[in-house]
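Read the structure below first, then the notes.
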Amino acid sequence: MLLSIWSRTWIGWWSLLPVGAVVAWLFVDPRVFPPVREPRSWAARGIYGERAWVQDRDLVPPAHRKVLRLLVALGVIGFGMIFWGLIALDVWPTVFGATVVVVA
């Protein structure tokens, strides 16, 4: 997605095609693949943890809530850096922001 948006300077309005393809895949993906029944991978466990957090915050211990808030704050900062980097076409905030979002 980042490269699709960045490519607007190279291919102009044609950059909307890969952006549209990514958006379409985000819509189609959950409908094509069945839901996970037992969370065995770290990604599936993370999704189940997010669901537990959204449905009932009391399931999460108070110490973990502080860490979750910190990670959300870091993610917001990372998205801000990505946004700034894509608008300004500056490489370092885009890459650093993407790294922060992935790590957070």
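Given the -39500 (n - 2.57) contribution per DSSP H run of 4+ residues, what per-residue ellipticity at 222 nm results for the chain, rounded to the nearest 500 deg cm²/dmol?
The helix-only estimate for the chain comes to -24500 deg cm²/dmol at 222 nm.
Debye-formula intensities of the chain, expressed as log10 I(q)/I(0) at q = 0.12, 0.19, 0.23 Å⁻¹, are -0.60, -1.10, -1.18 (one equal scatterer per alpha-carbon, no solvent). The trypsin sites (Lys or Arg not before Pro) of region 25-102 meeting both criteria, a DSSP state outside H, G, I, E and B (loop) and at most 14 other C-beta atoms within 10 angstrom of the site's C-beta, are Arg37, Arg40. For Val36, no residue whose modelled amide H falls within less than 5 Å of its own remains once neighbours fewer than 5 places apart on the same chain are excluded. Helices assigned as whole DSSP H runs in the chain whose Cα atoms extend at least 24 Å along their own long axis and whose mean Kyte-Doolittle hydropathy is 1.0 or higher are found at 62-88. Label separation (Arg8 vs Val91): 2.1 nm, computed from points 7 Å beyond Cα along the C-beta direction.
Since every read-out is calculated from the coordinates, none of them should be taken as a lab result. Just so you know, these numbers come straight off a predicted model, no measurement behind them. Every residue, glycine as well, gets a Cβ built from its backbone with ideal geometry; the counts of neighbours run over all protein chains shown.
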